[in-house]
Amino acid sequence: MPGSVAATGEGAAGAVRILGIDPGLRNTGYGLIDRHGQRLAYVASGVIRTDDTRPLPQRLKELLDGVGEVIATWTPGQAAVEKVFVNVNPQSTLLLGQARGAAICALVSADLPVAEYTALQVKQAVVGNGHAAKEQVQHMVRRLLALPADPSADAADALACAICHAHGGQGLGALDTAGFRVRGGRLVR
């Protein structure tokens with residue numbers, strides 16, 4: 001039921017509910033947080049898995065439907081998606097781009113505003129180092145959201161994307177980065 005989710009931008013008690021997406025053709029991570037002022041609260045996370053024995057169009061539909069189901073269940077008001085990086089293997093990059101496109105289509109079909117962040121921006125916002133290892137991202141997501149255990153890698157990346165958006169992302173008190181560049185995984189003048 002695309003387009004039926006009201007994009008109010010608010011979760012429980014006036015909080016902004018943010019859906020983070022870490023796109024992948026086989027596994028797409030999702031994570032939802034509520035932002036109450038400067039405080040973040042964990043809502044839900046998981047992985048949408050597609051059946052790799054099926055043809056690509058059916059897998060993309062599974063992904064589109066899966067993201068749509070997450071939106072219908074949790075009613076986020078904003079979304080943040082990790083940008084695709086250019087991989088060594090062009091075929092893998094193309095497949096990842098198609099998966100990302102399917103996820104974005106589900107988000108915009110539900111009238112959600114979509115912000116996009118590179119992996120470097122996400123890691124910088126969550127860990128403080130744009131070249132942090134996956135395990136560091138998982139650990140910091142656990143600490144920032146007071147989770148009982150580290151989330152799976154895909155869910156942690158999605159939650160990290162939502163955290164990045166909440167901590168100065170587009171439309172949420174965005175940081176002015178004009179005149180800055182990235183050096184060693186950090187923003188510098």
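The values are calculated or read from the model by the stated rules, or taken from the named source; none is laboratory data. This is a predicted model, so every value here is computed, not measured. A quick note on method: Cβ atoms are made from the backbone with ideal geometry, for glycine too, and the neighbour counts reach across all protein chains shown.
Residues of the stretch 67-100 that are farther than 24 Å from Gly130 by Cα and in contact (Cβ under 8 Å) with a residue 40 or more places away in the chain: Val67, Gly68, Val70, Ile71, Ala72, Trp74, Thr75, Pro76, Gly77, Leu95, Gln98. Within the stretch 83-92, being surrounded by fewer than 14 Cβ atoms within 10 Å (Cβ to Cβ) and either in a helix (DSSP H, G or I) or among the β-branched types (Val, Ile, Thr) (or both) holds for Val86, Val88, Pro90, Gln91, Ser92.
The sole residue among Gln138, Gln170 that is polar (S, T, N, Q) and at pLDDT 95 or above is Gln138.
Residues are listed down the side, and each one gets a yes or a no for (1) of a type in the set (D, E, K, R); (2) more than 19 Å from Ala158 (Cβ to Cβ):
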site	(1), (2)
Leu25	no, no
Leu40	no, no
Asp51	yes, yes
Asp65	yes, no
Ala72	no, no
Gly77	no, no
Ala80	no, no
Val88	no, yes
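Please work out which residue is modelled with the lowest pLDDT, limiting yourself to the stretch 10-21 and to residues that are farther than 10 Å from Ala162 by Cα and not in a loop (DSSP other than H, G, I, E, B).
In this case the residue turns out to be Ala12.
Within the stretch 124-172, the set of residues being among the charged types (D, E, K, R) and either crowded, with 19+ Cβ neighbours inside 10 Å or on the phi > 0 side of the Ramachandran plot (or both) comprises Asp154, Asp157.
Selection within the stretch 104-114: residues that are touching a strand residue (DSSP E or B) at 6+ places or on another chain (Cβ under 8 Å) and buried (at least 19 other Cβ atoms within 10 Å of the Cβ). The member of this set that is nearest to Ile18 (Cα to Cα) is Leu112.
A search for C-beta distances below 6 Å between a residue of the stretch 49-66 that is under 17 Å from Leu96 (Cβ atoms) and any residue that is of a type in the set (Lys, Arg) and surrounded by 15 or more Cβ atoms within 10 Å (Cβ to Cβ), counting only pairs 6+ apart in sequence or on different chains, returns Thr50/Arg59; Asp52/Arg26. Looking only at residues in the stretch 58-82 that are among the aliphatic types (A, V, I, L, M) and under 17 Å from Ser45 (Cβ atoms), which one is surrounded by the most Cβ atoms within 10 Å (Cβ to Cβ)? Looking at residues that are among the aliphatic types (A, V, I, L, M) and under 17 Å from Ser45 (Cβ atoms), I get Ala80.
Yes/no matrix, rows are residues, columns are (1) aromatic (Phe, Trp, Tyr); (2) modelled with pLDDT of 95 or more; (3) on the phi > 0 side of the Ramachandran plot:
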site: Gly31; (1), (2), (3): no, yes, no
site: Ala41; (1), (2), (3): no, yes, no
site: Gln58; (1), (2), (3): no, yes, no
site: Gly66; (1), (2), (3): no, yes, no
site: Phe85; (1), (2), (3): yes, no, no
site: Leu95; (1), (2), (3): no, no, no
